[in-house]
Structures are given as structure tokens and as C-alpha cells.
1. Once you list every other residue whose beta carbon is under 9 Å from the beta carbon of Gln94, what net charge do they have if Lys and Arg are +1 and Asp and Glu are -1?
2. Restricting the count to DSSP beta bridges whose residues both fall in the chain, what percent are antiparallel, rounded to a multiple of 5?
3. Can you tell me which of 89-99, 67-77, 122-132 comes out highest on packing, and rank the rest after it, using the mean Cβ neighbours within 10 Å?
4. What is the sum of charges around Ala54, taking Lys and Arg as +1, Asp and Glu as -1, for the other residues whose C-beta is under 13 Å from the C-beta of Ala54?
5. Around Met164, with a cut-off of 11 angstrom between Cβ atoms, what is the net charge of the other residues, counting Lys and Arg +1 and Asp and Glu -1?
6. Could you list, in their original order, any pairs among Lys15/Lys138; Lys21/Lys160; Lys25/Lys71; Lys140/Lys171 whose Cα atoms are separated by more than 19 Å?
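Rule-based calculations on the coordinates, nothing more; no lab input. Keep in mind the model is a prediction, meaning the values are calculated, not measured. Here the Cβ positions follow ideal geometry from the backbone for every residue, glycine too, while neighbour counts run over all protein chains shown.
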Amino acid sequence: MCDPMESLADNKTEKQPYEEKAVAKLSQLKLTVATAESCTGGLLAGRIVNVAGASDVFETGFITYSNDAKKKYLKVSGKVLKKFGAVSAKCAKQMAEGAARAAGADVGIATTGIAGPGGGTDEKPVGLVYIACSVCGKTKVKECRFDGNRQEVRQQSVEKALKMLNKCLSKIDR
């Protein structure tokens, strides 16, 4: 599970922002990335494309806020959405894999969650976010619980997604 303060504390000690590290590593590995975003609504893609050189590694970004968009563009299974919901590990996994596949990218990174202030339940509270990273067909999913208002939850989600992307890329040896 994610510690919401972990990503904030780590970033203060890092000299290079996570998105810059990710673009450099993708470039070094000669890999491309696509994003699939629900709760972050394009913020993740925006952070990546703010980096000079991103055009060499960034294929496309999907903002799939509705379940219909998740099914149509990312091929998220209707069965997964019905049984587990859009805010689930299974959905995040299929979003990341679907983004990579649809874009013809090597890497897919996805976010899906409840940013608030409404929409939360006891089972799925505001601040619950799933982040998935699929690299060359191997996918990791992380469940996170963030505190704060809507914008803070979205920003923490992006920060954690970029950190996760870097961690997944660091395990590739080429």
C-alpha cells in the first residue's frame, strides 16, 4: 500500500524530477510509453510531455474517465468493470496493458481512483487510487490511499505513478 507522504518526502530529496528521470531512462532503453488516466485526467501525460525530449518516447495519452471509454479505447473488460469496478486493481492492470497495446508502446502507465470530494464509499473511500505499470508485457499494480482535497489526491497520484514508472524501468537491463 502507498504511503501518501512517501512520494512527497522522496521528491524533496531527489535532484531530478521523476518525469525527467523517466524520459531519460525510456530514451536510454529505446522504449516508448503511453498513459491511461481516469482520476488524474491528463495530469500524468502533462508531466511527461513537459520534459524536453518527451516526443522521442511518448506515444499518446488516453483520458478514459467513463467506463465506456475504458472499454472502447483500452479494451477493459466489461466483466471486470461490473464485478470489480473502475476503481480496482484489475481495471488498472487492463488500462495499463490496453494503453500500451492501443498505442503500440512498450510501456503503459495507468491511474484510476476516487479523487473526491464525493463518490467515495466505506469500501472504496475518497483517496483510493490504483496505479498500474506495464513494461514489455509485465504488469505491476499498486493500491494507494491518499489524503487531501481533489487536487491534492490527483497530484499525489501522478507523483506516485511517475515514481512507479521509474522503479519499473530501473529493473530493465539492456
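1. Numbers: positive: Lys70, Lys75, Lys90, Lys93; negative: Glu97.
Once all neighbours under 9 Å are counted, the net charge is +3.
2. Working: 15 of 26 bridges.
Taking every DSSP beta bridge with both residues in the chain, the antiparallel ones total about 60 percent.
3. Numbers: 89-99: 25.3, 67-77: 17.7, 122-132: 19.5.
Put in order of decreasing packing, that is 89-99, 122-132, 67-77.
4. Computed value for this residue: -1.
5. Details: positive: Lys140, Lys142, Lys160, Lys163, Lys167; negative: Glu159.
Cβ neighbours under 11 Å give a net charge of +4.
6. Details: Lys15/Lys138 29 Å; Lys21/Lys160 14 Å; Lys25/Lys71 30 Å; Lys140/Lys171 12 Å.
Distance filter (> 19 Å) returns Lys15/Lys138; Lys25/Lys71.
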